[in-house]
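The values are calculated or read from the model by the stated rules, or taken from the named source; none is laboratory data. Treat the numbers as computed from the prediction; the structure is a model and nothing was measured. Using ideal geometry, Cβ is built from the backbone for each residue, glycine included, and neighbour counts are taken over all protein chains shown. Ligands, DNA and RNA are stripped out before the accessible areas are found, and what is left, the full protein with its side chains, is counted by its heavy atoms. Shrake-Rupley method; radii C 1.70, N 1.55, O 1.52, S 1.80 Å.
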Amino acid sequence: MARTVILGAGIAGHTAALHLRRMVGKEHEVVVVAPNSKWNWIPSNIWVGVGQMTVKQVTFPLAPIYRRKGIEFHQALAVELHGEGSADLPRPHVTVRYTDPEREGQVAQLEYDYLINATGPKLNFGATPGLGPDGHTWSVCTAGHATETAKAFEDVIARLKGGEHQTLLIGMGHGTCTCQGAAFEYTFNVEHELVKEGVRDKAEIIYITNEAQLGDFGMDGMNFGHKGDIIPSQMFTESLFQERGVKAIMSAHVEKVEPGVVYYEQVDGNKGEQQFDFAMLLPPFRGVDMAAFDMDGNDVTSTVFAPSGFMKVDADYTPKPYEEWKASDWPKTYQSVAYGNVWAAGIAFAPPHQMSRPRTSPNGTVIAPAPPRTGMPSGVIGRAVAQTIAGRIKNGAAGKVHTASMADMGAACIASAGKGWRTGQAAAMTVFPIIPDKEKYGELGRDTKETYGEIGLSAHWMKVMLHYLFIYKAKARPLWYLIPE
Amino acid sequence: MSNITTFPDARVPTVNEVRARRNVLIQAWRFAILNLKMIMMVTKGHH
Ligand SMILES: Cc1cc2nc3c(=O)[nH]c(=O)nc-3n(C[C@H](O)[C@H](O)[C@H](O)COP(=O)(O)OP(=O)(O)OC[C@H]3O[C@@H](n4cnc5c(N)ncnc54)[C@H](O)[C@@H]3O)c2cc1C
């Protein structure tokens, strides 16, 4: 009998749990630990944030699904990793602190044979003073945040209807943020709603970003193949900004936020401030606060986790200049550097380096978009790790090791630019591979036949379809496993 | 001080392009194509 503990029930952890449960017999235990009682389809939070969807439409309770599937669920936070066991409990285990109302604050030790760390990001609002819902800006990172944001947005619309002018600032709340795609989507959904409400002319929308160019998306941009031509994502994105009258503050690190004003520094050292009436700024991500200890109780956190808090896996973390970065630096199996029976899936693994060229201002401020790890790779990695563990459980050390390198994998991203069956718009983008590989694909680093972008109503329909499809899959309804990640 | 950028040189879509982006029939066709592209991408990305 083997016991696999999965930390996190987001895209990576939940995918891994469902697949593993399907792949191994009932005599083997699959255990999920997550602090939230509900699963959230995060990509649709942007629609919650403009009042076009409710929390109920983007979340559902996890416990009934896990009960039906025979997965043990602990609503708790993992706080310590004891990968070698400890003096009082020699088997490898994690220490968890319960968050469910009945056991809130209680601590337990959960033993494992195999462990998947799929804890995603810590939303690091603390990196920028005044950032976030506890400060002076809104967020759409969780369904709860998005609901609050929608209320504030409703107030903005009311003020615009009352004849006031409003400045809306949307984007990145720090120089090292990732997830530009989500901020892009929120920007254009806001713009779309303002047009629908007939108040667009009174509102100024400003996108603030750490990207050097629009369309960088933290992945050094993309080059879309189109009828024999190459269209850089910069051109594609600038066109949309111009068409929809959205301005931008580029290459910016937000230093602090005070009520109604952000202070920022740009990569050329210029300092600026921008007044706003409404701001939705994403936080930078770091790994969740989990400490690691060896058998004797010594703190080995810095061996197991990178300084960013993400778990170190089979990547090449040797520091080297941008020009020497290689696709092969990226991990393939996601096995921990410290333990042979621990893996990190989704956002939880430490990337070897950025994809966009990191920049530093003359004052030494790092303005470097972190590499995006979107839903599709997170799900694919979750499944690959589950397959590797299933192989180990069935065949021991001879079990097949499954790989899912982002340098070998494509991704599809549908970025909404407004909701509505007839009036909706979205940008559909595919990219292959996610990590540019100049050795294989030449200077552009990607296959321009497979890297593609298109804007239209059809992409909006696609985004809606994916919303229902992935919620169906996450609910483990009949034949869910036929739906790819 | 403000450092706001606009994109006056960006190519904006023509009236016909905007119409095509909204035309239900054209978009139904594009939807089918997009689905195919996504399926191909997903198949390539799964090992
Ligand atoms: C607003 C927004 C919009 C987005 N839109 C898109 C999109 O359109 N397309 C796309 O592909 N991607 C999108 N993304 C990115 C996508 O959401 C992530 O790639 C994906 O959620 C990553 O999956 P994950 O499982 O690694 O992390 P998550 O989905 O964040 O899951 C992490 C899990 O770990 C749990 N957890 C946290 N700490 C602990 C702990 N200490 N112990 C145990 N469990 C813990 C969390 O509660 C959660 O269950 C968007 C992201 C945001 C924020």
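Probing with 1.4 Å while keeping every protein chain in the model, the per residue accessible area of the protein assembly as shown equals 40 Å². Using just the helices of the protein assembly as shown, give the 222 nm mean residue ellipticity in deg cm²/dmol: DSSP H runs with n ≥ 4 each add -39,500 (n - 2.57), and the total is spread over all residues, rounded to 500. Estimated from H runs of four or more residues: -9000 deg cm²/dmol. For the segment A:239-252, counting C-beta atoms of other chains within 10 Å of every residue's C-beta and taking the mean gives 4. Near A:Ala370, the amide H atoms lying under 5 Å from its own belong to A:Cys177, A:Thr178; only residues 5 or more places off or on other chains count, and H is placed 1.01 Å from N.
Beta bridges from DSSP with both residues in region A:1-104: antiparallel share about 50 percent, rounded to the nearest 5. Where both bridge residues fall in chain A, DSSP classifies roughly 60% of the beta bridges as antiparallel.
On the protein heavy atoms, probe 1.4 angstrom, tell me the percent of accessible surface of chain A carried by carbon and sulfur. Carbon and sulfur: 52 percent of the exposed surface of chain A. When the accessible areas of B alone and A alone are added and the area of the pair subtracted, with a 1.4 Å probe, the result is around 3600 Å², both sides summed. Around the amide H of A:Met295, modelled in the peptide plane, lie the amide H atoms of A:Glu84, all under 5 Å away and 5 or more residues distant in sequence or on another chain. Ligands, DNA and RNA excluded, the heavy atoms of A:Thr423 present near 80 Å² of accessible surface to a 1.4 Å solvent probe.
Using all pairs of distinct alpha-carbon atoms, the Kirkwood hydrodynamic radius of the protein assembly as shown works out to 23.8 angstrom. Normalised radius of gyration (Cα atoms, divided by 2.2 N^0.38 Å) for region A:284-435: 1.22.
Would you be so kind as to identify which of A:Pro61, A:Leu115, A:Tyr98 lies farthest towards the positive end of the dipole of region A:19-146, taking Lys and Arg as +1 and Asp and Glu as -1 on Cβ and the Cα centre as origin? Looking along the dipole axis, the top candidate is A:Pro61. Across region A:171-321, the volume of the C-alpha convex hull divided among the residues equals 190 Å³ per residue.
Each of A:Leu482, A:Ala428, A:Val254 was scored by the projection of its Cα onto the charge dipole of chain A, and the greatest displacement toward the positive side belongs to A:Leu482; charges sit on the C-beta of Lys, Arg, Asp and Glu. Interface residues of region B:5-24, defined as those losing at least 50 Å² of solvent-accessible heavy-atom surface relative to the isolated chain (probe radius 1.4 Å), are listed as B:Phe7, B:Arg21, B:Arg22, B:Val24. Taken over the C-alpha atoms, region A:2-159 has Rg and Dmax values of 18.1, 62 angstrom.
Please list the three semi-axes, largest first and in whole Å, of the ellipsoid equivalent to region A:186-240, using sqrt of 5 times the eigenvalues of its alpha carbon gyration tensor.
27, 15, 8
The alpha carbon centroids of region A:405-476 and region A:326-393 are separated by 19 Å. Directionally averaged projected area (region B:5-47, Cα convex hull): 5.2 nm².
Across chain A, C-alpha contacts under 8 Å between residues 6 or more apart give a mean separation that, scaled by the residue count, equals a relative contact order of 17 percent. Distance from the C-alpha centroid of region A:124-185 to that of region A:200-273: 16 Å, rounded to the whole angstrom. Shape class for region A:365-477, computed from the alpha carbon gyration tensor (a ≥ b ≥ c): oblate, with a/c not under 1.5 and a/b at or below b/c. Shape verdict for region A:101-241, please, from the Cα gyration tensor: rounded (a/c under 1.5), prolate (a/b greater than b/c) or oblate. Cα axes put region A:101-241 in the oblate bin.
Computed about the Cα centre, the dipole magnitude for region A:1-95 is approximately 540 debye when only Lys and Arg (+1) and Asp and Glu (-1) carry charge, each at its Cβ. How far is helix A:143-161 tilted, in degrees, relative to the longest principal axis of the Cα atoms in chain A, given as a value from 0 to 90 rounded to the nearest 10? Value to nearest ten degrees: 10.
Using 0.36 nm per residue and subtracting the Cα-Cα separation, the extra length available between A:Gln109 and A:Gln275 on full extension is 54.9 nm. Here region A:329-459 is treated with +1 on each Lys and Arg Cβ and -1 on each Asp and Glu Cβ, and its dipole about the Cα centre works out to around 340 debye.
Working note: Karplus 6.51/-1.76/1.60 with θ = phi - 60° gives region A:109-121 the couplings 10, 10, 7, 8, 9, 10, 9, 10, 8, 10, 7, x, x Hz, where Gly and Pro are set to x. Interface burial in region B:26-44, defined as at least 50 Å² less accessible area with all protein chains than with the chain alone at a 1.4 Å probe, covers B:Gln27, B:Phe31, B:Leu34, B:Lys37, B:Met38, B:Met41, B:Val42, B:Lys44.
Against chain A, whose longest principal axis is taken from its Cα atoms, helix A:180-196 shows a tilt of about 40°.
FRET efficiency for the pair A:Arg68 and A:Met465, taken as 1/(1 + (r/R0)^6) with r the Cβ-Cβ distance and R0 = 35 Å, rounds to 0.90. Taking Cα centre as origin and charging only the Cβ of basic (Lys, Arg, +1) and acidic (Asp, Glu, -1) residues, the dipole magnitude of chain A rounds to 1760 debye. For region A:110-203, the relative contact order works out to 21 percent when only alpha carbon pairs closer than 8 Å and six or more residues apart are counted.
Evaluated at q = 0.11, 0.25 Å⁻¹, a Debye calculation over the C-alpha positions of region A:148-226 (equal weights, vacuum) places log10 I(q)/I(0) at -0.35, -1.14. Here the simple spin-label model places points 7 Å from the Cα toward Cβ, and for A:Ser37 and B:Trp29 these points are separated by 5.1 nm. The long axis of helix A:11-23 is offset from the longest Cα principal axis of chain A by roughly 40 degrees. Applied to region A:333-350, the Karplus parametrisation 6.51 cos²θ - 1.76 cosθ + 1.60 on θ = phi - 60° returns per-residue 3J(HN,Hα) values of 9, 6, 6, 4, 6, 9, 9, x, 10, 10, 10, 10, 10, x, 5, 5, 8, 7 Hz, with x for Gly and Pro.
For the protein assembly as shown, the residue among A:Gly375, A:Tyr472, A:Leu77 whose Cα projects farthest onto the positive side of the dipole built from Cβ charges is A:Tyr472. Summarising the amide proton neighbourhood of A:Phe224: residues at separation of 5 or more, or on other chains, whose placed amide H is nearer than 5 Å comprise A:Ile231, A:Ser233.
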